[in-house]
Every structure is written in C-alpha cells, then in structure tokens.
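See structure below.
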Amino acid sequence: MKISQTGINLIKEFEGCRLTAYKCPAGVWTIGYGHTGNVKQGQKITAKQAEEYLKKDLERFEKHVMTFNSRYKWNQNQFDALVSFAFNIGSINQLTANGTRSIAEISAKITAYSKAAGKELAGLVRRRKAEKELFDKQVKVKPVPSLSVDEIAKEVIDGKWGDGDVRKAELEAAGYDYDKVQAKVNELIKTTTAKASVKTLKKGTKVKIKSGARDANAGTKYAAFVYKNTYQVHSVSGDYVVFGDGKTATGKTKKSNVILV
C-alpha cells in the first residue's frame with residue numbers, strides 16, 4: 001500500500017520545505033522536507049525534487065504502517081493519516097499499543113500526541129487534528145458497473161444516458177469508463193451505419209434516431225424521448241429522411257442519423 005497524494009499534501013502542509021541545503025540543529029546537512037540522504041553543502045533542488053525525496057523518505061514509514069495491516073485492514077485515508085503520524089513521531093507502535101487498540105481507540109488517541117518536551121505546541125495540535133480528520137474520513141467506494149461495455153453502449157445509443165457532459169457525468173457516477181463506453185458507441189454506430197448503407201431506406205422502413213441527432217428544419221436536437229422510440233420512414237429525399245408514426249411526421253434528419261431496426 002502506498003500513500004496517496006492526499007496524504008503527501010497533508011505532510012507537506014506541516015513540514016517546512018527548503019530548497020537549499022542547510023544544517024539542522026543536530027549539524028546534519030538537510031534539504032527539502034527534512035531529507036538527509038547524500039545532501040551536500042550548497043546543494044539546491046526544485047520543488048518537484050523535494051517531493052520526490054519526500055516520497056522516498058516515506059517508504060520506510062509506509063512499510064512500518066503496513067506491518068499492522070493484517071490486524072486492521074487499513075483503508076486509504078487511515079493509512080495516509082498514520083504514515084503522516086509516523087513520519088512526524090517515528091512510529092505508530094505506541095499509538096496502536098502494538099496492535100492491541102481498536103480503530104476507534106486509535107482515532108481517539110491521535111490528538112494526544114501534540115506535545116514536545118512536555119509542552120503542547122500549536123503546530124502539533126493542528127497536525128494531529130488534520131490527521132485524525134483524515135483517519136476518520138470515509139473512503140468513497142467506486143460503484144461497480146452492472147452492465148458490460150457493449151450493453152451500456154447500446155443503452156447510450158438508445159438515448160438512455162443523455163448527451164455531452166450530462167452523459168459523461170452520469171456514466172462515471174455509475175462506475176463506467178466514459179472513454180471506453182464512447183469508443184464502443186462509435187464502433188456500434190459505425191457498424192450499424194455500414195449495414196444500413198447496404199439496405200435501401202424507403203417508406204415504411206422501421207428506424208431509430210441516433211442520440212444527439214438534430215432536426216434538419218429546426219437545427220436543434222430532438223426531445224429525449226425521440227431517441228428512445230422506433231419510427232417509420234415517411235419519405236426519403238437526397239440525404240434526408242422524414243420519419244414519424246406512419247401517419248404524422250415527427251421530424252426530418254440526415255440519413256446518417258438513422259439506424260435501421
């Protein structure tokens with residue numbers, strides 16, 4: 001398990017960053033977010049390099065927190081908060097009472113570690129509060145798609161998922177990969193169009209209208225229900241088709257917008 005960018009950002013918020021090497025109070029050359037490995041006098045780095053050093057330094061704390069994973073089954077937020085805690089304190093052994101405390105007890109104890117040399121420090125109070133909030137924050141579970149890409153693409157073509165940004169938002173909220181679904185939609189439409197070109201559109205032919213198709217006369221998209229219904233061809237003229245219920249015309253659109261049923 002690796003710390004997420006959320007966890008890294010939390011650590012960066014409370015750890016000072018210096019892009020030029022300096023000697024810490026212990027006399028050790030230090031740079032970035034407290035990095036001490038192979039740092040030389042006069043060394044300079046970029047903010048990006050400082051974050052890379054931080055990620056490398058966090059690896060041993062990630063491994064340390066993971067030694068308790070078989071006991072607690074950390075979620076990402078809990079893991080991030082504890083890596084931050086361990087990076088600052090040194091370990092989570094005492095916090096977890098060597099794995100004997102419950103998740104609720106660990107959460108309650110986090111804010112107790114806000115003192116240095118017996119004195120409470122405002123910076124540590126804020127950091128422990130932020131770590132506890134992250135530890136307690138529920139992890140959003142991504143929905144599991146119930147239909148295959150082929151099945152959902154057919155529903156999109158039938159107009160069940162709207163258009164444009166609305167379609168994208170609804171598909172992603174339902175757990176689907178929008179790009180994959182749209183690629184399949186395009187593939188199916190291309191295949192259907194190729195089949196349609198073999199057949200001749202004529203009066204009485206049953207058709208559906210592609211989602212997002214525009215009316216040739218009004219220049220606007222049809223109401224959502226139009227894309228869901230099956231129609232009959234009333235007439236064909238050049239590149240355009242007039243369609244309706246067999247008696248009353250519903251609209252006029254390009255042949256490329258028509259799917260044979």
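The values are calculated or read from the model by the stated rules, or taken from the named source; none is laboratory data. As the structure is a computational prediction, the values presented were derived from the model and not from experiment. Positions of Cβ are generated from backbone atoms using ideal geometry, with glycine treated the same way; all protein chains shown enter the neighbour counts. When the accessible area is computed, the model is the full protein with side chains, heavy atoms only, and any ligands, DNA or RNA have been set aside. Shrake-Rupley method; radii C 1.70, N 1.55, O 1.52, S 1.80 Å.
Quick check on Lys137: is it open to solvent by 60 Å² or more (accessible area, probe 1.4 Å) and in contact (Cβ under 8 Å) with a residue 60 or more places away in the chain?
yes
Can you tell me which residue is least open to solvent (accessible area, probe 1.4 Å) among those in region 169-196 that are among the basic types (Lys, Arg) and at pLDDT 85 or above?
Lys184
Working only within region 41-57, note down all residues that are touching a Gly at 6+ places or on another chain (Cβ under 6 Å) and within 20 Å of Gly27 (Cβ to Cβ).
The answer is Tyr53, and nothing else.
Consider Arg101 against the criteria (1) open to solvent by 60 Å² or more (accessible area, probe 1.4 Å); (2) in contact with a Lys or Arg (Cβ under 8 Å, 6 or more places away or on another chain); (3) of a type outside the set (Val, Ile, Thr); (4) without any contact (Cβ under 8 Å) to a residue 12 or more places away in the chain: it satisfies all of them except one. Which criterion is unmet?
(1)
In region 75-102, what residues are in a helix (DSSP H, G or I) and not β-branched (Val, Ile, Thr)? Walk me through it before giving the result.
In the first step, residues of region 75-102 are kept if they are in a helix (DSSP H, G or I); the result is 76-89.
Passing the criteria: Gln76, Asn77, Gln78, Phe79, Asp80, Ala81, Leu82, Ser84, Phe85, Ala86, Phe87, Asn88.
So which of Lys119, Lys160, Lys132 is at negative phi, touching a helix residue (DSSP H, G or I) at 6+ places or on another chain (Cβ under 8 Å) and either basic (Lys, Arg) or open to solvent by 60 Å² or more (accessible area, probe 1.4 Å) (or both)? Break it down into steps so the answer makes sense when it comes.
Details: Lys119 fails: touching a helix residue (DSSP H, G or I) at 6+ places or on another chain (Cβ under 8 Å); Lys160 fails: touching a helix residue (DSSP H, G or I) at 6+ places or on another chain (Cβ under 8 Å).
The unique qualifying residue is Lys132.
Being in contact with a helix residue (DSSP H, G or I) (Cβ under 6 Å, 6 or more places away or on another chain) and within 21 Å of Gly34 (Cβ to Cβ) is true for just one of Ser107, Ser114. Which residue is that?
Every option except Ser114 fails the conditions.
Residues that are open to solvent by less than 40 Å² (accessible area, probe 1.4 Å), under 23 Å from Lys137 (Cβ atoms) and touching a residue at least 24 places away in the same chain (Cβ under 8 Å): find the helices (runs of 4 or more DSSP H) completely inside region 1-74 holding 3 or more of those.
The helices (runs of 4 or more DSSP H) meeting that bar are 5-14, 47-66.
Being in contact with a Ser or Thr (Cβ under 9 Å, 6 or more places away or on another chain) and either among the aromatic types (Phe, Trp, Tyr) or modelled with pLDDT under 95 (or both) is the filter here; which residues of region 100-121 pass it?
Across region 100-121, the qualifying residues are Glu120, Leu121.
If you go through region 225-261 one residue at a time, how many are in a helix (DSSP H, G or I), open to solvent by less than 40 Å² (accessible area, probe 1.4 Å) and among the polar types (S, T, N, Q)?
As a first pass, look at region 225-261 and keep what is in a helix (DSSP H, G or I): 225-227, 255-257.
Now narrow it down to the ones that are open to solvent by less than 40 Å² (accessible area, probe 1.4 Å): 226-227, 257.
Keeping just the survivors that are among the polar types (S, T, N, Q) gives 257.
Number satisfying all stated conditions: 1.
Mind checking which residues of region 197-211 are modelled with pLDDT under 90 and either at positive phi or assigned to a helix (DSSP H, G or I) (or both)?
Hits for region 197-211 are Ser197, Val198.
Among all residue pairs at least 6 apart or on different chains, which show Cβ distances below 7 Å where the first residue, located in region 78-89, is open to solvent by 10 Å² or more (accessible area, probe 1.4 Å) and the second is among the charged types (D, E, K, R)?
Asn88/Arg127
Can you tell me which residues in region 212-224 are under 22 Å from Ala153 (Cβ atoms) and either outside any loop (DSSP other than H, G, I, E, B) or of a type outside the set (Gly, Ala, Ser) (or both)?
Arg214, Lys221, Tyr222, Ala224
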